[in-house]
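Down below is the structure, laid out as structure tokens.
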Protein chains: 2
Amino acid sequence: MDVNEKIDTLFNPKSIAIIGASKTIGKWGFAFLLHLIKGGYKGEIYPVNPTVDELLGIKTYKSLREIPGPVDVAFVLIQPEQVSRAIAECGEIGIPACVVITAGFKELGPEGMKLEKTVANAARSAGIAMVGPNCAGISSPHPMSLYCMMQPNFPPPGNIAIVSQSGNLAGSIQHMCWKQDIGISRCVSVGNQALLKTEDFLEYFITDKQTHLVLAYIESVSDGKRFMEMSRKLTQEKPLILIKGGKSEVGVRAAKSHTGAIAGSDAAFDAITKQCGIIRVDDVEDMFDTAVAFLSQPVPKGNRVGIVANGGGWGVITADACSNSGLNVAPLSEKTLQALDNRLPPWWNRQNPVDMVAGMSRGAFFKAVEILCKCDEIDSIITLGFGYGKPFADVIASITDGENLNVTEYVKGAIDSDKRGMHFLLDMIKRYKKPILLSSEYIIGADRDKNEAVLDLRKKNVLIYPSSRRTARVLARLVRYGQYLQRTLPLS
Amino acid sequence: MDVNEKIDTLFNPKSIAIIGASKTIGKWGFAFLLHLIKGGYKGEIYPVNPTVDELLGIKTYKSLREIPGPVDVAFVLIQPEQVSRAIAECGEIGIPACVVITAGFKELGPEGMKLEKTVANAARSAGIAMVGPNCAGISSPHPMSLYCMMQPNFPPPGNIAIVSQSGNLAGSIQHMCWKQDIGISRCVSVGNQALLKTEDFLEYFITDKQTHLVLAYIESVSDGKRFMEMSRKLTQEKPLILIKGGKSEVGVRAAKSHTGAIAGSDAAFDAITKQCGIIRVDDVEDMFDTAVAFLSQPVPKGNRVGIVANGGGWGVITADACSNSGLNVAPLSEKTLQALDNRLPPWWNRQNPVDMVAGMSRGAFFKAVEILCKCDEIDSIITLGFGYGKPFADVIASITDGENLNVTEYVKGAIDSDKRGMHFLLDMIKRYKKPILLSSEYIIGADRDKNEAVLDLRKKNVLIYPSSRRTARVLARLVRYGQYLQRTLPLS
């Protein structure tokens with residue numbers, strides 16, 4: 001098996017041993033086993049603990065050698081000084097891959113570094129693909145329903161891969177995905193990267209069919225040349241969205257004590273990301289916003305954005321936000337203006353942003369979007385104010401209708417029209433291959449998770465951003481990735 | 001009555017007439033009446049409509065003159081060319097204040113401008129304080145439970161005042177407040193400002209006891225000198241948080257067609273905001289984030305921030321975000337380090353950000369916060385990762401406990417400890433007068449609105465931000481306002 005095949009086993013194991021499984025709530029040896037079980041893992045689970053017969057209803061083994069069947073992956077959660085012995089034993093019984101959760105190595109200084117080297121050597125000489133040490137585990141929902149991580153996060157199967165030098169960041173991203181029903185393909189917390197490195201996983205993701213885009217958190221790069229090579233290959237196929245921890249002096253200092261990372265100049269790193277078409281983001285929310293747009297939206301041909309606003313002020317601040325993000329809120333052609341004239345009242349503002357004027361029908365709103373989809377002078381669209389009608393419908397629904405006001409019909413009409421509108425937008429994206437991003441302060445908090453039209457959109461990986469600034473920033477990244485591809489791909 | 005007294009009547013009317021009330025769902029004359037009723041208005045409501053006897057269960061009057069009692073405020077929703085006549089009539093029967101919702105004036109060009117002048121003259125010569133035209137109405141939850149606006153948003157009574165040149169922005173802000181249980185004092189959509197202007201409301205808010213901070217959306221300033229004078233007076237008493245629409249060329253163009261605003265250079269405006277201690281923000285989410293922090297947090301003495309992280313990666317990116325926002329992630333004194341040594345394991349990172357290391361108890365986390373509260377070298381604190389424990393407790397709660405694992409106790413302990421922790425933080429803020437901001441990606445979506453500890457915090461106007469960048473940005477604004485006050489206030 002080469003490294004890629006071993007990583008394939010890591011993400012698709014038919015059987016897992018948990019070395020150091022524990023019966024004590026609060027210990028990681030308990031949590032990993034519990035999360036693996038609760039995640040619905042479809043393979044064989046072999047907890048290993050010398051003093052217990054059964055854990056959480058599963059037969060437990062005194063040692064690795066007692067396990068009756070073959071083991072694909074061993075998770076290691078024992079004392080640091082015992083790890084290299086356990087790894088050697090894994091090698092002896094033919095386990096191809098290990099994930100060492102145990103901390104207390106390089107991150108603690110010279111002594112830990114020495115210990116880490118013995119662990120890495122044990123894995124290397126046994127031909128074992130080792131993740132960690134000091135890591136938070138692995139998720140891979142498809143096909144084995146594998147969730148074997150420190151944090152109990154269970155995002156559905158999907159197409160986002162995550163590789164992270166921070167276990168907590170890996171957890172945060174998965175939590176955001178899980179709670180918003182966005183699927184992931186793989187997640188790996190690489191920890192101290194004694195053997196397997198971020199670059200190895202980037203390479204794996206290039207050809208991994210489950211993965212459509214990659215998220216990475218890194219604090220340092222050990223092999224700059226290989227990182228660039230793999231990033232370049234990857235970004236020709238799939239977007240790579242990255243947070244670099246340690247941009248500032250204090251960040252660098254913090255990263256050093258976190259993973260022992262020695263970061264170079266941030267300006268140099270930034271230049272590399274631009275060369276390699278890497279989309280650099282600032283924090284987890286930003287990463288999530290961006291990732292979901294890349295999952296569902298086509299890459300636009302250029303930076304000309306059309307804004308369709310359900311209200312003047314919204315259009316103004318979104319135009320400012322677009323401009324600030326380097327997007328061009330482009331003038332509309334006379335042809336487009338005339339097409340809009342036919343659908344809008346005579347006093348409409350005749351420019352971009354297209355202001356729908358208070359009280360205009362939803363039909364006109366969606367028609368305006370379609371006109372911008374069809375025209376040549378706009379590459380992408382931002383719509384503003386979706387969800388605005390729901391509070392109206394809610395308050396009308398509360399009327400006791402003694403006066404034949406047709407309350408029921410009105411409310412049903414409003415809800416239906418929201419749902420129809422969302423399907424219309426999804427259809428527009430597909431048909432005209434222009435991104436349509438939605439921004440609205442009316443889709444927030446608990447309401448967001450109860451609105452059927454919003455949930456329909458989310459199933460297709462389309463989010464509604466509660467901030468015009470976040471929306472513009474995400475769109476600008478789609479634009480820049482498109483420009484990178486145009487620059488670097490051979491003409492087809 | 002002077003202008004201030006008339007504005008006082010606007011926000012505290014004992015009776016309201018709705019001129020142009022309608023029985024048709026979908027018309028504004030219906031919506032305003034409905035929202036006023038559903039908002040639980042405590043005064044008298046007099047719908048005016050020449051052809052209807054009753055609307056939504058309320059006796060309706062053929063004309064203003066038929067109304068039996070005195071009217072404090074008239075809302076005007078009739079055709080633009082009828083408005084000046086109606087205003088004059090209001091004057092004749094002694095109504096001191098009007099809110100003109102009707103659009104079709106200055107925003108449509110020279111003809112509309114002429115019409116607007118006649119309306120303004122009618123109000124001026126009748127001595128009426130007029131809001132609008134082309135506005136979205138007024139909210140003032142305390143004491144009359146007044147919600148008379150285009151959009152049905154019902155934020156609870158509280159201490160945030162909103163003055164907005166955009167009705168939709170006013171709606172967005174109120175919606176965000178409402179859905180997150182943050183109270184407002186007043187909201188006024190000033191529209192075309194034919195008579196009453198943003199500056200008049202800023203002046204009113206200076207002495208309005210209900211108002212502790214002011215949010216403003218503006219596209220242009222008609223009287224720069226007065227705007228600066230009122231802003232300066234206000235910011236000595238209360239924070240003024242402002243969005244300026246029309247920062248960019250396209251934004252300016254959009255603003256011109258929205259409210260006829262002629263914006264000056266953005267750089268000049270930015271200099272004014274700095275001189276006047278105005279806190280400038282970018283969009284509604286940003287405004288909301290910032291407003292809530294100003295409501296609940298003390299203003300810090302300086303820019304030195306301490307970070308307490310439940311995980312290394314979180315600390316790194318937050319240190320970067322703080323640095324990027326101009327905050328100083330300051331070194332800790334030997335005394336502080338020793339105090340932390342007593343509470344943390346020997347291998348802790350001994351620096352700021354303080355990394356709690358995976359698996360540390362919540363007790364140690366809160367103790368670390370207290371140590372930073374007590375020390376001299378830190379002015380404010382950001383904590384990371386709250387809510388991280390909840391998914392653990394949830395998955396443990398799902399265990400069928402056949403093995404005496406003490407599941408129930410563990411889960412109860414986790415939930416209690418979260419709640420105790422939140423109250424401890426609130427107590428720390430009060431006792432040490434340093435802001436403590438919370439950032440966590442684990443408090444998002446529907447979970448946020450169900451977590452008791454989170455709701456306890458929110459009742460005290462403390463939010464948990466799902467982004468380290470947003471958290472750092474908000475804290476930096478608290479710092480800058482503190483520096484402004486130190487610069488401008490006489491020493492006490």
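Quick look at the numbers
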{"item": "Contour minus Cα-Cα distance for A:K450 and A:D416 (0.36 nm per residue)", "result": "10.8 nm"}
{"item": "Angle in degrees between helix A:28-38 and the longest Cα principal axis of chain A, rounded to the nearest 10", "result": "50 degrees"}
{"item": "Nearest-0.05 FRET efficiency for B:L485 and B:T408, computed from C-beta distance (R0 41 Å)", "result": "0.20"}
{"item": "Nearest-0.05 FRET efficiency for B:D394 and A:A397, computed from C-beta distance (R0 25 Å)", "result": "0.15"}
{"item": "Percent breakdown of C-alpha pair distances by 10 Å bin, ordered from the shortest bin, for the protein assembly as shown", "result": "2, 11, 20, 23, 19, 13, 8, 4, 1, 0"}
{"item": "Convex hull of the range B:427-492 built on C-alpha atoms - directionally averaged projected area, nm²", "result": "5.6 nm²"}
{"item": "Semi-axis lengths, Å, the range A:3-294, gyration tensor of Cα atoms, sqrt of 5 times eigenvalues", "result": "30, 21, 17"}
{"item": "Under 10 Å, Cβ to Cβ, from B:D270 - net charge with Lys/Arg +1 and Asp/Glu -1", "result": "+3"}
{"item": "Shielding of B:302-314 by partner chains, average beta-carbon count, 10 Å", "result": "5"}
{"item": "Angle between chain A longest axis and helix A:249-259 axis [Cα atoms, degrees, rounded to 10]", "result": "40 degrees"}
{"item": "Cut-off 14 Å between beta-carbons: net charge of the residues surrounding B:I381, Lys and Arg +1, Asp and Glu -1", "result": "+3"}
{"item": "Across the identical copies, how the B:G57 labels are spaced - nm, sorted shortest first, 7 Å along Cα→Cβ", "result": "5.3"}
{"item": "Nearest-0.05 FRET efficiency for A:K433 and A:K335, computed from C-beta distance (R0 22 Å)", "result": "0.65"}
{"item": "The range A:55-89: trypsin sites (Lys or Arg not before Pro) in DSSP coil with no more than 14 other Cβ atoms inside 10 Å", "result": "A:K62"}
{"item": "Rel. contact order, % - alpha carbon contacts under 8 angstrom, at least six apart, chain B", "result": "11 percent"}
{"item": "Of B:K6/B:K238; A:K197/A:K244; A:K117/A:K197; B:K197/B:K233; B:K301/B:K374, pairs whose Cα-Cα distance is over 18 Å", "result": "B:K6/B:K238"}
{"item": "Cα-projected label distance for A:S63 with A:Q82, points at 7 Å along beta-carbon direction, nm", "result": "1.3 nm"}
{"item": "Difference of contour (0.36 nm per residue) and Cα-Cα distance, B:S222 to B:H423", "result": "67.7 nm"}
{"item": "The range B:3-294: relative contact order in percent, alpha carbon pairs under 8 Å with at least 6 residues between", "result": "14 percent"}
{"item": "Compactness of the range B:392-432 as Cα Rg over 2.2 N^0.38 Å, two decimals", "result": "1.58"}
{"item": "For q = 0.07, 0.09, 0.12 Å⁻¹, Debye-computed log10 I/I(0) when each Cα of chain B counts as one equal scatterer", "result": "-0.45, -0.69, -1.03"}
{"item": "Residue-averaged beta-carbon neighbours from other chains (10 angstrom radius) around A:437-443", "result": "4"}
{"item": "Label 7 Å beyond Cα on the Cβ vector: B:Q338 copy-to-copy distances, nm", "result": "8.4"}
{"item": "Percent of beta bridges antiparallel (DSSP, the protein assembly as shown, rounded to nearest 5)", "result": "15 percent"}
{"item": "Rg over Rh [alpha-carbon atoms, Kirkwood Rh] for the range A:157-255", "result": "0.96"}
{"item": "Estimated Rh, the range B:83-153: Kirkwood, alpha-carbon pairs, angstrom", "result": "12.9 Å"}
{"item": "Rg followed by Dmax, in Å, when the range A:298-488 is reduced to its Cα trace", "result": "17.0, 67"}
{"item": "In Å, descending, principal axis extents of the Cα set of the range A:13-86", "result": "32, 29, 20"}
{"item": "Percent RCO, i.e. relative contact order, over the range A:316-382, from Cα pairs under 8 Å lying at least 6 residues apart", "result": "31 percent"}
{"item": "Using alpha-carbon coordinates, inclination of helix A:312-324 to the longest axis of chain A, degrees", "result": "50 degrees"}
{"item": "The range A:54-172 - Rg over Rh from alpha carbon coordinates, Kirkwood radius", "result": "0.97"}
{"item": "Test item: A:29-41 mean partner chain Cβ contacts at 10 Å", "result": "2"}
{"item": "Coarse-grained scattering of the range A:115-210 at q = 0.10, 0.19, 0.23 Å⁻¹, given as base-10 log I(q)/I(0) from a Debye sum over alpha-carbon atoms", "result": "-0.26, -0.87, -1.15"}
{"item": "Teacher prompt: A:N406 distances to equivalent labels in other copies, 7 Å Cα→Cβ, nm", "result": "6.6"}
{"item": "Across B:K106/B:K274; B:K38/B:K106; B:K106/B:K256; A:K179/B:K412, pairs whose alpha-carbon gap is larger than 20 Å", "result": "B:K106/B:K274; B:K38/B:K106; A:K179/B:K412"}
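Read the figures in this text as sums done on the coordinates, not as results from a lab. All values reported here derive from a predicted model rather than from experimental measurement. Glycine also receives a Cβ, built like all others from the backbone with ideal geometry; neighbour counts cover every protein chain displayed.
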